[in-house]
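Since the structure comes first, as structure tokens, the remarks are kept for the end.
The values are calculated or read from the model by the stated rules, or taken from the named source; none is laboratory data. Remember, predicted model here, so these are calculated numbers, not experimental data. Because the Cβ atoms are built from the backbone with ideal geometry, glycine has one as well, and the counts that use them run over all protein chains shown. Protein only, heavy atoms only, side chains kept; ligands, DNA and RNA dropped before computing areas. Shrake-Rupley method; radii C 1.70, N 1.55, O 1.52, S 1.80 Å.
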Amino acid sequence: QVQLVESGGGVVQAGGSLRLSCAASGRTFGRTVMGWFRQAPGKERDFVSAISWSGGGTDYADSVKGRFTISRDNAKNTVYLQMNSLKPEDTAAYYCAARASSAYERRPTRYDYWGQGTQVTVST
């Protein structure tokens, strides 16, 4: 089992920044892709970003490209999502996920472990 705990959510004005963290514990995999997803009320869970085990490869949804940056510190078993130039449409619950594979994947069903989520609210 892998436990994932997100933190760093909150309320921020449009144009502001937040940094989300996801701490992993329990069994860890030699090769894992870590991802961030978000879900607004009444909507499906959408892909935001993913990062390879080494951190050398990243993937972003078009809606956040250029504004969000994903990174990871394997020594701390932690993944981060730096979110800049936030917009009201970024408001959602943000979830961290782990995939026991080295292949990128944008589909939520392809991830094996999930955190409980952290709320991000961007006000106008």
Principal axis box of region 55-124, alpha-carbon based, largest edge first, Å: 39, 24, 24
Charge dipole (the chain, unit charges on Cβ, about Cα centre) - positive-most of L86, Q13, A100: A100
Carbon + sulfur, % of accessible area of the chain - ligands and nucleic acids excluded, 1.4 Å: 45 percent
Cβ-placed point charges (K, R +1; D, E -1), dipole of the chain about Cα centre in debye, nearest 20: 180 debye
Per residue value of the accessible surface for the chain (all protein chains in place, 1.4 Å probe), Å²: 51 Å²
Reach of K65 by Cα under 21 Å, taken over lysines that are not fewer than 8 positions away in the same chain: K43, K87
